[in-house]
Amino acid sequence: MKNDTDLASAARRRFLNGIGLAVTATGAVAGAGALGLAGIASAKTDAARPGGSFPTEKYDWNKHRWGFGVDVNKCIGCLRCVEACKAENHVPRNAHQFRTWVERYVHIEGEEAMRVDSHQDPVNIKASGSEAQYRFADRYKGAKVDKAFFLPKLCNQCSNPACVQVCPVGATYKTVDGVVLVDDTRCIGCRYCVQACPYGARYFDEKRGVPDKCTWCYHRITKGLQPACVEACPTGSRVFGDMLDRQSPISLFVRNNHVQVLKPESGNSPNVFYLGLDKEVS
């Protein structure tokens with residue numbers, strides 16, 4: 001099975017080939033600077049041409065628009081999603097690099113601010129006994145907890161992704177079906193995309209010399225499978241599907257609930273929809 005990097009490289013080549021064909025057909029002459037990153041991101045691909053489409057022969061990315069939902073009320077902080085993601089996508093087995101992570105929000109009676117921690121908190125690392133295993137320490141035992149909840153986070157696959165806008169070489173791009181990918185073969189490791197993401201959803205992989213992030217398991221969803229984190233969630237907190245299908249799990253989730261997104265003021269137009277999002281969440 002091809003990994004996300006292989007698929008991303010194939011997709012990027014198809015983007016560029018599509019651009020080249022369009023330029024030849026119209027007789028236009030345009031340099032990379034004139035085209036701009038927006039042109040690359042919105043350029044037509046040959047996904048619907050006879051003979052198959054990226055990334056599989058039967059997959060047509062013009063016919064899908066993927067979306068993700070999170071029911072905060074159902075998340076129990078078991079971290080199986082994190083473990084499944086690490087294993088599926090070969091994410092470094094440490095406590096500091098993640099494609100998806102879970103934050104714990106706790107409000108102690110008498111305190112004004114929420115306490116927030118995640119896997120990379122030193123107390124949680126010590127409780128797990130290893131940076132390759134993940135758990136939340138029972139640090140609030142005996143405390144008067146007024147409110148507490150767990151919040152899964154991941155790449156929001158934004159409709160207007162800042163990461164795509166700042167990439168100087170077009171290595172970060174948005175697919176037709178709504179997923180933001182990274183072409184490792186074009187990336188120069190400048191980390192502009194890491195800094196531009198308002199959600200902290202990217203990390204830099206020092207071993208490979210490129211940034212990495214959640215792709216909603218693009219290599220799986222294009223074959224009709226669920227993202228690894230969704231499949232592993234024991235409570236159904238994570239919901240995924242095709243927004244173009246009105247009866248898909250994500251369409252029903254969005255339509256039947258009062259959902260919200262993280263940091264709507266950023267202008268990125270995220271496509272991860274939350275149910276039960278607390279006002280204290282940052």
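Nothing in this text is a laboratory measurement; each read-out follows from the coordinates by a stated rule. Predicted model, so just to flag it, every value in this text is computed and none were measured. Every residue, glycine among them, receives a Cβ derived from its backbone with ideal geometry; neighbour counts consider all protein chains shown.
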- If Asp117, Asp183 are placed from fewest to most neighbouring beta carbons inside 10 Å, the sequence is Asp117, Asp183
- Note on the structure: For Phe273, other-chain or 5+-apart residues with amide H closer than 5 Å (H placed, Pro excluded) are Phe68, Gly69, Val70
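Beyond a 19 Å Cα-Cα separation, which of these cross-linked pairs lie in this structure: Lys86/Lys279; Lys86/Lys153; Lys63/Lys263; Lys63/Lys174? Mind dumping the intermediate values first?
Numbers: Lys86/Lys279 30 Å; Lys86/Lys153 14 Å; Lys63/Lys263 28 Å; Lys63/Lys174 15 Å.
Cα-Cα > 19 Å for Lys86/Lys279; Lys63/Lys263; rest within.
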- Lys141: which lysines have alpha carbons under 23 Å from its alpha carbon, excluding same-chain residues fewer than 8 sequence positions away? Lys74, Lys126
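Let a ≥ b ≥ c be the square roots of the eigenvalues of the Cα gyration tensor of the stretch 212-273; is it rounded (a/c under 1.5), or, if not, prolate (a/b larger than b/c) or oblate?
Values: a/c = 1.59, a/b = 1.22, b/c = 1.30.
Taking the square roots of the gyration eigenvalues as a ≥ b ≥ c, the stretch 212-273 is oblate.
Among Leu181, Leu275, Leu252, which comes first, second and so on when ranked by fewest other beta-carbon atoms within 10 Å? Each step should come with its number before you reach the end.
On the way: Leu181 22, Leu275 19, Leu252 15.
Listing Leu181, Leu275, Leu252 from fewest to most nearby Cβ atoms yields Leu252, Leu275, Leu181.
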- Note on the structure: By Cβ neighbour count within 10 Å, fewest first, Tyr105, Tyr218, Tyr274 rank Tyr105, Tyr274, Tyr218
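Between Asp245 and Arg115, what length comes free when the chain is fully extended (0.36 nm per residue of separation minus the Cα-Cα distance, one decimal in nm)?
42.9 nm
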- Task: Put one equal scatterer on each alpha carbon of the stretch 126-282, apply the Debye formula with no solvent term, and list log10 I(q)/I(0) at q = 0.09, 0.17, 0.20 1/Å to two decimals.
- Result: -0.36, -1.20, -1.43
